[in-house]
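Structure record follows, encoded as structure tokens.
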Amino acid sequence: MFGLRVGLIAGITFGLLNLLIKPEVYTPVQAIIDYILAFGSLGLSGLFANKKDKLIPAYLIAITGRFIFAVFSGYVFFGSYAPKGWNPLFYSIWYNFSYIGTEGFITILLLLIPLVRNTLEKLKSSNFKTN
């Protein structure tokens, strides 16, 4: 909503807060991928900051970035948890889609509600601007 820079900072900050509140860290690289890169990618929505009525495409780009990092991490670091007979990559895709896809579906439904969309557009056009 406020640009790429602010979006990336907000996403990374959110990831670091998640890391502090509910850490699930097995290696430093996994922590970077799961908490900094995956949540930081939510800031990609800032690419649409100057575009009108692009809230849903912005959200889809952001959540797709998060999904890609989560699938990668799941495959590399948690592939051994795949049930017998499951390809670890497909298991990671399925596992991550089960919650990120559900979250995305619900969020898009909320963004389709005129009151929600209009409130977010008013917030965006308010005096709260960043450099």
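The values are calculated or read from the model by the stated rules, or taken from the named source; none is laboratory data. Quick caveat, the model's predicted, so the values are computed rather than measured. So basically every Cβ, Gly included, is an ideal-geometry build from the backbone, and we count neighbours across all protein chains shown. These accessible areas exclude ligands, DNA and RNA; they are computed on the full protein's heavy atoms, side chains included. Shrake-Rupley method; radii C 1.70, N 1.55, O 1.52, S 1.80 Å.
Quick rundown of the values:
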read-out	value
Residue within segment 33-47 that is modelled with pLDDT of 95 or more, more than 27 Å from Ser126 (Cβ to Cβ) and open to solvent by 80 Å² or more (accessible area, probe 1.4 Å) present	no
Test: residue in segment 67-76 that is in contact with a helix residue (DSSP H, G or I) (Cβ under 7 Å, 6 or more places away or on another chain), open to solvent by 40 Å² or more (accessible area, probe 1.4 Å) and touching a residue at least 40 places away in the same chain (Cβ under 8 Å)	no
Segment 37-90, residues that are under 16 Å from Thr107 (Cα atoms) and among the basic types (Lys, Arg)	Lys54, Arg66
Test for Tyr99: is it open to solvent by 50 Å² or more (accessible area, probe 1.4 Å) and within 18 Å of Gly15 (Cβ to Cβ)	yes
Selected residue [under 30 Å from Asn118 (Cβ atoms), among the β-branched types (Val, Ile, Thr), surrounded by fewer than 18 Cβ atoms within 10 Å (Cβ to Cβ) and touching a residue at least 40 places away in the same chain (Cβ under 8 Å)] from Ile9, Ile56, Ile63	Ile56
Gly3 vs. criteria on the phi > 0 side of the Ramachandran plot and either open to solvent by less than 20 Å² (accessible area, probe 1.4 Å) or not aliphatic (A, V, I, L, M) (or both)	yes
Condition met for Phe90 (over 20 Å from Met1 (Cα atoms), of a type outside the set (Gly, Ala, Ser), free of Cβ contacts under 8 Å to residues at least 40 places away in the same chain and open to solvent by less than 70 Å² (accessible area, probe 1.4 Å))	no
When residues of segment 102-131 are limited to those that are at pLDDT below 95 and of a type in the set (Gly, Ala, Ser), the one least open to solvent (accessible area, probe 1.4 Å)	Ser126
Failed criterion for Gln30 (all others in (1) surrounded by fewer than 17 Cβ atoms within 10 Å (Cβ to Cβ); (2) modelled with pLDDT under 95 hold)	(2)
Residues being of a type in the set (Asp, Glu) and in contact (Cβ under 8 Å) with a residue 24 or more places away in the chain - total across segment 12-52	1
